[in-house]
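Reviewing the structure listed below.
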Amino acid sequence: MKVQTFLNHYGIHMNPFVEEDAQTDPVFKKHCLLGTHHPSWDKICGDPGDPSTSLVFGEKGAGKTALKLQIIRSLQRHNEEHPSEKVFIISYDNFNPFLDRFLGRVGRPDRVFKKWKLWDHIDAILSLGITQLVDGLLKQEKLNAPVAATHSMDTSGESKEKSSTNYQELSQNKSLSEVFDGPQRRDLLLLAAIYDQSMEESLRTRWGRLRKKVKYPIWMSYWDRAVGGAIALVMGILALSWGPFFAWISSWWFLGIIAAGFLPLLFRFLRRWWLSRGIVRHVRTGLRDIWPLTQILMKISGDDLSNQPFPNTFRSDDRYELLLKFKGLLQALDYESIVVLMDRVDEPNLVGGSAERMRDLVWPILDNKLLKQDNLGFKMLLPVELVYYIDREDRDFHQRARLDKQNFTRTLDWTGEALYDVANARLKACAVPGKEVTLRDWFDDGITEQRLLEAFRSLRVPRHLFQFLYRLLVAHCNSYTDDQPEWKISKESFESTLTIYRRDQEAFSPL
């Protein structure tokens, strides 16, 4: 008997337990995103209008990625309902590019995580956020388009269309030169020069397009070139008028005067080059070369660069200042706060699933000064293995991290009842309209609801539940033919499949 034949008998048009990863699970995205939450959902998500930091630890398959998608959807809904108090979403879950660039600077894989610091996290977050911001400004579409495109959940498409009009309306009513004041235009261009990581076009081309869009004047940056050119022109006229010409241009004093006219340009170039060198060296997660960055900084006047913070040292103070500038730019676009979603820290190639490397990667960001920044919230979805190291940290670590203030969720536990509700929600989502079906309908009278709850409790997390139910369906259907189908799963089949699955579970994930 085919599995789909069994499902069709109960009015289910697709198998609800095929997918195991929320990132690629159409049933979850289309039907269970808004209505099926973990019991700790309210504590983890909090108020979208006033984002707070949450630290969640869960084993593989406990639903961390599902939580992330649900948080994104909750924030998107908030943005649709409050267009003047939106939340800017940064998905900080792909560490490979940052770690690879960091490795290129550090040079040795065994030193990467020992040298990873708080400011490297801030640099990476600013890179993601500013690239996303510049994409939105240049393409004149909603600023969270990269996140929404990846994690779009609505089947009707209505919410997409509604949320995507936020920036379009702004751009139609005001130009960016009106949205941003003079200092903000400078801040935008400085942040883009340092942190914009787009690979769609060259840095100079993209920066030039952004500069024209915000109407930032650069003519003041040419004063030293104009002075040098004017002196050279005057000396050339004098040589032609009071000649002999070739005798003048070959004399040392003639060339010296012309060279002196270009000394301010040379001095400014050397300062910009030195600044670019410091930025490239100290932004270890960035994708920058010294020469293109120097060319861009040469187009910004000295007054606009004076007393500005730059990430050209190994410290976090300048990064905090740059983060404040970024938040100021977003507030001008009606984004009152930022939420950073941190997930999949166990997946980077350099981490390789090592709990010690995960610890070294995550610990620097556990700083209360960053996690409690105004209008900034972190949703950190971390592997449960890290709890072991938290319990063994000293007093200094806990004083710095202040986990008691971070909505700390030690384990993402699921009760048997909660998993039973999840399974039923998925059945309902996959049922044809008007058809009512529950998981209990699949089993014969030998299996009580209490027995199902006990079995599900032993499975612990949604992923194990889905894997078990899928394996149970296959085992049951393989025992019967299409000519002689059986529509109820027997107690014997349930118990034998559960025993085998538990054995496999203990072998591969002995927690």
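The values are calculated or read from the model by the stated rules, or taken from the named source; none is laboratory data. From a predicted model like this one, the values you see are computed outputs, not experimental measurements. Neighbour counts are summed over all protein chains in view; Cβ atoms, including those assigned to glycine, are modelled from backbone coordinates with ideal geometry.
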Among the residues of the range 432-488, how many are part of a helix (DSSP H, G or I) and of a type in the set (Phe, Trp, Tyr)?
-> 5
Among the numbered criteria (1) of a type outside the set (Lys, Arg); (2) modelled with pLDDT of 90 or more; (3) within 29 Å of PHE57 (Cα to Cα); (4) surrounded by 13 or more Cβ atoms within 10 Å (Cβ to Cβ), which single criterion is violated by SER496?
-> (3)
Scan the range 404-418 residue by residue and report those that are surrounded by 17 or more Cβ atoms within 10 Å (Cβ to Cβ) and over 11 Å from PRO39 (Cβ atoms).
-> GLN406, ASN407, PHE408, GLY416
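Examine the range 306-326 for a residue that is within 17 Å of GLY208 (Cβ to Cβ) and touching a helix residue (DSSP H, G or I) at 6+ places or on another chain (Cβ under 6 Å), and state whether such a residue exists. Let's see the steps before the verdict.
Of all residues in the range 306-326, those within 17 Å of GLY208 (Cβ to Cβ) come to none.
Taking every residue of the range 306-326 in turn, none turns out to be within 17 Å of GLY208 (Cβ to Cβ) and touching a helix residue (DSSP H, G or I) at 6+ places or on another chain (Cβ under 6 Å).
Which one of GLY353, GLY328 is within 23 Å of the chain's Cα centre (by Cα), assigned by TED's automatic domain parsing to the domain that holds ARG186, closer than 27 Å to GLY58 by Cα and small (Gly, Ala, Ser)? Steps first, please.
Values: GLY328 fails: closer than 27 Å to GLY58 by Cα.
From the options GLY353, GLY328, the qualifying one is GLY353.
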Does LEU453 satisfy being buried (at least 18 other Cβ atoms within 10 Å of the Cβ) and at pLDDT below 95?
-> no
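Looking only at the range 8-26, which residues are among the acidic types (Asp, Glu) and either surrounded by fewer than 13 Cβ atoms within 10 Å (Cβ to Cβ) or closer than 17 Å to PRO433 by Cβ (or both)?
So the first thing to find is which residues in the range 8-26 are among the acidic types (Asp, Glu), and the list is 19-21, 25.
If the condition is that a residue be among the acidic types (Asp, Glu) and either surrounded by fewer than 13 Cβ atoms within 10 Å (Cβ to Cβ) or closer than 17 Å to PRO433 by Cβ (or both), then ASP21 is the only one that fits.
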Failed criterion for ILE390 (all others in (1) crowded, with 18+ Cβ neighbours inside 10 Å; (2) touching a strand residue (DSSP E or B) at 6+ places or on another chain (Cβ under 7 Å) hold) = (2)
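State which residue is farthest from ILE125 (Cα to Cα) when the search covers only the range 283-301 and only residues that are in a helix (DSSP H, G or I) and in contact (Cβ under 8 Å) with a residue 40 or more places away in the chain.
So the first thing to find is which residues in the range 283-301 are in a helix (DSSP H, G or I), and the list is 290-297.
Checking the rest, the ones that are also in contact (Cβ under 8 Å) with a residue 40 or more places away in the chain come to 292-293, 295-297.
Values: PRO292: 22, LEU293: 20, GLN295: 25, ILE296: 22, LEU297: 22 Å.
Looking at residues that are in a helix (DSSP H, G or I) and in contact (Cβ under 8 Å) with a residue 40 or more places away in the chain, I get GLN295.
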Scan (1) more than 28 Å from LEU33 (Cβ to Cβ); (2) within 15 Å of the chain's Cα centre (by Cα); (3) of a type in the set (Gly, Ala, Ser) for the single condition GLY107 breaks and write down its number.
-> (2)
Residue set GLU486, GLU506; condition of a type in the set (Asp, Glu), surrounded by fewer than 16 Cβ atoms within 10 Å (Cβ to Cβ) and at pLDDT below 90; output residue GLU506
Mind checking whether some residue in the range 282-290 is at pLDDT 95 or above, of a type outside the set (S, T, N, Q) and within 20 Å of MET220 (Cα to Cα)?
-> no
Filtering the range 27-50 down to residues that are among the charged types (D, E, K, R) and touching a residue at least 60 places away in the same chain (Cβ under 8 Å), which residue is surrounded by the most Cβ atoms within 10 Å (Cβ to Cβ)?
-> LYS29
Residues that are in a helix (DSSP H, G or I) and small (Gly, Ala, Ser), drawn from the range 1-40 | ALA22
